[in-house]
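Below: one structure, written as structure tokens.
The values are calculated or read from the model by the stated rules, or taken from the named source; none is laboratory data. These numbers come from a predicted model, not from an experiment. Quick reminder, even Gly has a Cβ in these numbers, built from the backbone with ideal geometry, and neighbours come from all protein chains shown.
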Amino acid sequence: MLPDAIDLKGARPKADPSSFPPAVDALPPSLENLVAPPPLALPDVPSQVRIHELRPLTLTEAIQLAEVNSPTLKAAASQVDQAKSSLRAAVAAWYPTIDLSASGLPEYFASYSYRNPDFVTTDPLTGNPNNELYGREWRVNGSLQFSWDLINPARVPQIAAARDRFERAGDSYLIALRDLRLEVQTAYFALQQVDEGVRIGQDSVKASLVSYRDARARFNAGVNTKLEVLEAETQLARDRNILTTNLRDQDTQRRNLASLLDLPQDVTPTAATPSSPLGLWEPSLQESIIAAYNYSEELDQLILDISINNSQANASLAAVQPVLRFVNSTSVSRTEGQNGQTSLGDIDMGDFTYGVQNSTALTASWRLFDGGRARAEYRRSKQAAEESRLNFARTRDQIRLQVERSFFGLRAAIQSIDTTATEVLSSQESLRLSQLRVQAGVGVQREVVNSQRDLTQAELKYARAINDYNTNLATLQRRTGLDALIACNAVSLPGTKPEPDQEPIPIEPRPLKTACPSVATGGSSVNQTNDSPVQPPW
């Protein structure tokens with residue numbers, strides 16, 4: 001029988017930041033000019049968003065920039081601070097409250113009253129009836145109340161729920177940090193792949209140009225057919241399309257990485273290093289799954305949700321439980337003037353009175369009947385706790401599936417790297433032999449075209465295999481927290497571009513055609529701006 005998660009992790013698991021490298025809080029001097037713009041900054045002219053710098057970045061530098069600049073990570077840190085403030089507010093329920101109030105600072109009071117003369121007595125001195133009375137006073141009243149809940153059943157569960165929310169916010173921050181690092185790594189690997197695709201496309205276009213010129217030269221010399229020229233021209237068009245696609249993807253991936261790093265609006269990042277396998281994954285599948293269960297804050301959050309809902313259930317029942325409160329009230333009053341005089345002239349403002357009153361009491365309140373509201377809220381919270389238990393089971397299965405998927409993908413990528421490396425080497429040799437056969441007059445241009453196409457596709461598959469390997473490796477590190485990799489001593493293919501055996505073939509620029517020829521009429525044309533850092537080399 002499997003052990004219970006609460007018995008393994010505790011009813012209120014706490015995040016352990018020491019198990020994971022913390023986020024950097026400052027950029028090194030070389031990256032200080034790439035600090036994120038202010039949160040509310042908004043460009044309003046085109047020059048502010050025009051790219052002025054292509055900045056090469058390593059993977060380590062990209063992660064540092066993301067940790068310092070990312071608004072998502074900053075928002076997660078702000079939520080931790082908010083939860084801490086909420087916890088401090090809940091703890092304040094243990095302390096007494098002191099209230100100061102005043103009804104007049106000061107208050108001026110004037111009065112006049114008139115009564116039926118038939119029902120009043122007359123003044124024995126003047127003989128006039130006392131049916132008109134006047135009053136005028138200055139009053140100051142203040143009170144100070146000290147109140148302390150000696151017994152409050154809602155206090156403890158509310159503090160417990162606030163504490164669990166604070167722990168949950170800390171888990172959310174760690175999850176955001178780890179997800180951010182994985183997103184940056186994935187975006188960087190994708191950029192490395194399209195960079196490799198651009199290089200492959202450029203080499204393919206150059207090789208296809210050579211084949212096309214050779215085929216046309218042999219056709220003009222009468223030793224070749226028009227079909228071979230068309231085949232070479234078709235392959236050149238294919239390679240140009242591959243290069244165009246990869247240039248588009250390169251621009252897209254660069255801006256995707258810039259968005260994750262929240263770079264200044266006029267800076268576009270580039271990959272400073274070529275793609276290569278990061279290392280070897282040593283743990284087994286079973287060890288990886290258990291490490292993911294122990295490392296996952298998503299599971300800790302669901303356990304905390306259970307605790308939060310149970311605390312809220314107890315707080316709901318407190319609404320129909322007695323509350324005992326100690327109250328001490330002190331009031332001070334002072335009046336100047338007189339009230340009840342028969343004329344305004346008889347009022348002496350020098351007359352004053354003042355008084356001090358103090359009362360101490362124990363007060364109790366108990367709601368005996370609320371229509372079943374408290375009990376219903378209790379049941380709702382308990383049902384939410386049961387939902388969190390079910391979500392725990394679903395998340396547990398998802399975590400295992402993610403680890404298994406990445407592990408299987410990593411294993412397939414290892415095999416793919418080996419097979420595609422062999423395919424690249426074989427295609428290179430096949431292309432060399434087919435070119436020699438054509439030069440010797442025993443081969444046809446179709447062999448060169450097929451070999452060139454096979455080489456291009458093999459190199460693209462090799463670059464894709466390395467990207468899949470690194471992405472699955474980074475995902476395993478994110479899910480399991482295991483980062484001890486075995487360094488790769490050698491790779492099947494070099495990570496840098498080899499030096500060509502011949503002089504580079506100049507590629508003449510060609511105008512960019514419009515996508516809608518029927519729309520481009522008169523003197524209209526498609527203008528190519530200088531905003532794009534890389535121009536198509538044809």
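So the values come out like this:
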{"quantity": "Residue that is exposed (fewer than 12 other Cβ atoms within 10 Å of the Cβ), assigned by TED's automatic domain parsing to the domain that holds Arg254, within 25 Å of the chain's Cα centre (by Cα) and in a helix (DSSP H, G or I), where the choices are Thr72, Thr60", "calculated": "Thr60"}
{"quantity": "The listed residue being surrounded by 21 or more Cβ atoms within 10 Å (Cβ to Cβ) and either in contact with a strand residue (DSSP E or B) (Cβ under 9 Å, 6 or more places away or on another chain) or of a type in the set (Lys, Arg) (or both), out of Arg168, Arg178", "calculated": "Arg168"}
{"quantity": "When residues of the range 287-310 are limited to those that are more than 13 Å from Ala160 (Cβ to Cβ) and either small (Gly, Ala, Ser) or touching a Phe, Trp or Tyr at 6+ places or on another chain (Cβ under 8 Å) (or both), the one surrounded by the fewest Cβ atoms within 10 Å (Cβ to Cβ)", "calculated": "Ala291"}
{"quantity": "Of residues in the range 375-401 being surrounded by 17 or more Cβ atoms within 10 Å (Cβ to Cβ), more than 28 Å from the chain's Cα centre (by Cα) and of a type outside the set (Phe, Trp, Tyr), the one farthest from Lys9 (Cα to Cα)", "calculated": "Glu377"}
{"quantity": "Test result for Arg437, of a type in the set (D, E, K, R), assigned by TED's automatic domain parsing to the domain that holds Gln193, at pLDDT 80 or above and more than 45 Å from the chain's Cα centre (by Cα)", "calculated": "yes"}
{"quantity": "Residue within the range 269-284 that is surrounded by fewer than 21 Cβ atoms within 10 Å (Cβ to Cβ) and more than 22 Å from Phe189 (Cβ to Cβ) present", "calculated": "yes"}
{"quantity": "Selected residue (only one of Tyr173, Tyr134 is part of a strand (DSSP E or B), in contact with a helix residue (DSSP H, G or I) (Cβ under 9 Å, 6 or more places away or on another chain) and among the hydroxyl-bearing types (Ser, Thr, Tyr))", "calculated": "Tyr134"}
{"quantity": "Condition check for Lys84: more than 30 Å from Leu144 (Cβ to Cβ), free of Cβ contacts under 8 Å to residues at least 24 places away in the same chain and surrounded by 12 or more Cβ atoms within 10 Å (Cβ to Cβ)", "calculated": "no"}
{"quantity": "Filter result for Asn339 (at pLDDT 90 or above and outside the structural domain of Gly197 (by TED's automatic domain parsing))", "calculated": "no"}
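Residue by residue, here is whether (1) surrounded by fewer than 16 Cβ atoms within 10 Å (Cβ to Cβ); (2) at pLDDT 90 or above holds:
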residue	(1), (2)
Arg199	no, yes
Val210	no, no
Asn220	yes, no
Thr245	yes, yes
